[in-house]
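Okay, so here's the structure we're looking at.
The values are calculated or read from the model by the stated rules, or taken from the named source; none is laboratory data. Not measured: the values here are computed from a predicted model. Heads up, the Cβs are rebuilt from the backbone with ideal geometry, glycines too, and the neighbour counts pull from every protein chain shown. For accessibility, only protein heavy atoms count, side chains too; no ligands or nucleic acids. Shrake-Rupley method; radii C 1.70, N 1.55, O 1.52, S 1.80 Å.
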Amino acid sequence: MDAAPGCWALYCSLEPFKQSLDPRDAPTVTQWLVDGYAVQHATNLDRANRQSVALHLMSLCASFERGATGTQLRVALADWSHREYEALLPLPDAYPLTVVDVVRAPQGERTASVSQFAYSTWTAWSGHHDRVRRWLDSPPERSTSYARRPVT
(Lines give C-alpha, C1' and ligand atoms only; values in the text may rest on other atoms or scores of the structure.)
Protein backbone atom coordinates (compact mmCIF):
# COMPACT_ATOMS: atom_id res chain seq x y z
CA MET A 1 0.00 0.00 0.00
CA ASP A 2 1.34 3.37 -0.97
CA ALA A 3 0.53 5.65 1.96
CA ALA A 4 2.37 8.66 3.28
CA PRO A 5 4.17 7.84 6.54
CA GLY A 6 1.98 10.25 8.50
CA CYS A 7 -1.21 8.75 7.11
CA TRP A 8 -0.01 5.23 7.90
CA ALA A 9 0.88 6.34 11.44
CA LEU A 10 -2.66 7.69 11.90
CA TYR A 11 -4.14 4.42 10.67
CA CYS A 12 -1.89 2.42 12.99
CA SER A 13 -2.86 4.68 15.91
CA LEU A 14 -6.34 3.13 15.71
CA GLU A 15 -5.08 -0.24 16.94
CA PRO A 16 -6.13 0.39 20.59
CA PHE A 17 -9.59 1.38 19.35
CA LYS A 18 -9.87 -1.87 17.35
CA GLN A 19 -8.77 -3.86 20.40
CA SER A 20 -11.45 -2.15 22.52
CA LEU A 21 -14.35 -3.08 20.24
CA ASP A 22 -17.10 -5.39 21.40
CA PRO A 23 -16.17 -8.83 20.05
CA ARG A 24 -19.55 -9.03 18.28
CA ASP A 25 -18.83 -5.81 16.35
CA ALA A 26 -15.07 -6.02 15.95
CA PRO A 27 -14.87 -8.13 12.77
CA THR A 28 -17.20 -5.87 10.80
CA VAL A 29 -15.94 -2.53 12.10
CA THR A 30 -12.32 -3.60 11.62
CA GLN A 31 -13.08 -4.81 8.09
CA TRP A 32 -14.72 -1.47 7.22
CA LEU A 33 -11.60 0.31 8.44
CA VAL A 34 -9.25 -1.94 6.47
CA ASP A 35 -11.40 -1.78 3.31
CA GLY A 36 -11.85 1.97 3.38
CA TYR A 37 -8.19 2.65 4.02
CA ALA A 38 -6.98 0.24 1.35
CA VAL A 39 -9.34 1.58 -1.31
CA GLN A 40 -8.42 5.18 -0.54
CA HIS A 41 -4.79 4.30 -1.23
CA ALA A 42 -5.24 3.02 -4.77
CA THR A 43 -2.22 4.58 -6.39
CA ASN A 44 -1.14 2.55 -9.39
CA LEU A 45 -2.30 -0.02 -11.91
CA ASP A 46 -0.07 -2.96 -11.03
CA ARG A 47 -1.71 -6.34 -10.47
CA ALA A 48 -1.48 -6.27 -6.67
CA ASN A 49 -3.02 -2.81 -6.47
CA ARG A 50 -5.83 -3.68 -8.90
CA GLN A 51 -6.60 -6.77 -6.87
CA SER A 52 -6.53 -4.86 -3.59
CA VAL A 53 -8.95 -2.24 -4.87
CA ALA A 54 -11.27 -4.88 -6.33
CA LEU A 55 -11.33 -7.06 -3.21
CA HIS A 56 -11.85 -4.21 -0.78
CA LEU A 57 -14.59 -2.64 -2.93
CA MET A 58 -16.29 -6.04 -3.16
CA SER A 59 -16.06 -6.29 0.62
CA LEU A 60 -17.63 -2.85 1.09
CA CYS A 61 -20.38 -3.68 -1.39
CA ALA A 62 -21.12 -7.06 0.20
CA SER A 63 -21.26 -5.43 3.62
CA PHE A 64 -23.31 -2.32 2.87
CA GLU A 65 -25.57 -3.65 0.12
CA ARG A 66 -25.82 -7.35 0.93
CA GLY A 67 -25.50 -7.55 4.68
CA ALA A 68 -22.29 -9.58 4.92
CA THR A 69 -20.55 -9.51 8.30
CA GLY A 70 -16.87 -8.96 8.84
CA THR A 71 -16.37 -12.64 9.66
CA GLN A 72 -18.08 -13.67 6.41
CA LEU A 73 -16.07 -11.12 4.47
CA ARG A 74 -12.74 -12.45 5.70
CA VAL A 75 -13.59 -15.87 4.29
CA ALA A 76 -14.88 -14.37 1.05
CA LEU A 77 -11.83 -12.12 0.57
CA ALA A 78 -9.55 -15.14 0.49
CA ASP A 79 -11.75 -16.76 -2.14
CA TRP A 80 -12.12 -13.62 -4.25
CA SER A 81 -8.35 -13.21 -4.46
CA HIS A 82 -8.04 -16.11 -6.93
CA ARG A 83 -8.84 -14.18 -10.08
CA GLU A 84 -7.69 -11.24 -12.14
CA TYR A 85 -9.32 -7.81 -11.93
CA GLU A 86 -9.09 -4.94 -14.35
CA ALA A 87 -8.21 -1.44 -13.22
CA LEU A 88 -11.12 0.74 -12.22
CA LEU A 89 -10.55 4.10 -13.85
CA PRO A 90 -10.99 6.89 -13.23
CA LEU A 91 -10.14 6.86 -9.55
CA PRO A 92 -12.17 9.14 -7.28
CA ASP A 93 -10.81 12.68 -7.11
CA ALA A 94 -11.34 12.95 -3.36
CA TYR A 95 -12.98 11.26 -0.38
CA PRO A 96 -15.44 13.03 1.90
CA LEU A 97 -14.01 11.29 4.98
CA THR A 98 -10.54 9.91 5.63
CA VAL A 99 -8.68 8.18 8.42
CA VAL A 100 -8.06 11.66 9.86
CA ASP A 101 -11.80 11.99 10.52
CA VAL A 102 -11.91 8.59 12.22
CA VAL A 103 -8.94 9.45 14.46
CA ARG A 104 -10.48 12.82 15.37
CA ALA A 105 -13.87 11.30 16.27
CA PRO A 106 -14.55 11.12 20.00
CA GLN A 107 -14.03 7.61 21.37
CA GLY A 108 -17.78 7.10 21.90
CA GLU A 109 -18.51 8.06 18.28
CA ARG A 110 -15.62 6.30 16.62
CA THR A 111 -17.52 3.16 15.54
CA ALA A 112 -20.11 5.33 13.78
CA SER A 113 -17.28 7.34 12.27
CA VAL A 114 -15.69 4.18 10.85
CA SER A 115 -19.03 3.19 9.33
CA GLN A 116 -19.44 6.62 7.75
CA PHE A 117 -15.83 6.59 6.53
CA ALA A 118 -16.26 3.18 4.89
CA TYR A 119 -19.66 3.98 3.38
CA SER A 120 -18.50 7.33 2.02
CA THR A 121 -15.49 5.58 0.48
CA TRP A 122 -17.78 3.04 -1.19
CA THR A 123 -19.96 5.90 -2.43
CA ALA A 124 -16.94 7.75 -3.87
CA TRP A 125 -16.45 4.81 -6.24
CA SER A 126 -20.06 5.00 -7.50
CA GLY A 127 -18.94 5.09 -11.13
CA HIS A 128 -17.69 1.52 -10.69
CA HIS A 129 -20.47 0.04 -8.56
CA ASP A 130 -22.00 -1.95 -11.42
CA ARG A 131 -18.65 -3.60 -12.21
CA VAL A 132 -18.08 -4.47 -8.52
CA ARG A 133 -21.58 -5.95 -8.27
CA ARG A 134 -20.92 -8.07 -11.35
CA TRP A 135 -17.76 -9.40 -9.71
CA LEU A 136 -19.82 -10.32 -6.66
CA ASP A 137 -22.48 -11.94 -8.81
CA SER A 138 -19.93 -14.25 -10.45
CA PRO A 139 -17.86 -15.52 -7.52
CA PRO A 140 -15.15 -18.17 -7.88
CA GLU A 141 -16.34 -21.76 -7.54
CA ARG A 142 -15.07 -22.18 -3.99
CA SER A 143 -16.45 -18.88 -2.71
CA THR A 144 -19.14 -18.28 -0.17
CA SER A 145 -21.45 -16.33 -2.44
CA TYR A 146 -22.94 -12.98 -1.55
CA ALA A 147 -24.46 -12.70 -5.00
CA ARG A 148 -28.05 -11.55 -5.13
CA ARG A 149 -28.42 -12.09 -1.38
CA PRO A 150 -31.08 -9.84 0.12
CA VAL A 151 -30.10 -7.69 3.05
CA THR A 152 -31.97 -8.79 6.16
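At-a-glance table
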quantity	calculated
Residue in the range 43-60 that is open to solvent by less than 10 Å² (accessible area, probe 1.4 Å), in a helix (DSSP H, G or I) and of a type in the set (Ser, Thr, Tyr) present	yes
Out of LEU33, LEU10, sole residue that is open to solvent by 40 Å² or more (accessible area, probe 1.4 Å) and either closer than 14 Å to VAL100 by Cα or outside any helix (DSSP H, G or I) (or both)	LEU10
Qualifying residue in the range 105-121 (condition: in contact (Cβ under 8 Å) with a residue 40 or more places away in the chain, over 16 Å from the mean Cα position of the chain (by Cα) and crowded, with 16+ Cβ neighbours inside 10 Å)	yes
Qualifying residues in the range 72-104 (those that are modelled with pLDDT of 95 or more and assigned to a helix (DSSP H, G or I)) - the one most open to solvent (accessible area, probe 1.4 Å)	ARG104
Filtered residue count, the range 61-71, keeping only those that are of a type in the set (Val, Ile, Thr) and not in a helix (DSSP H, G or I)	1
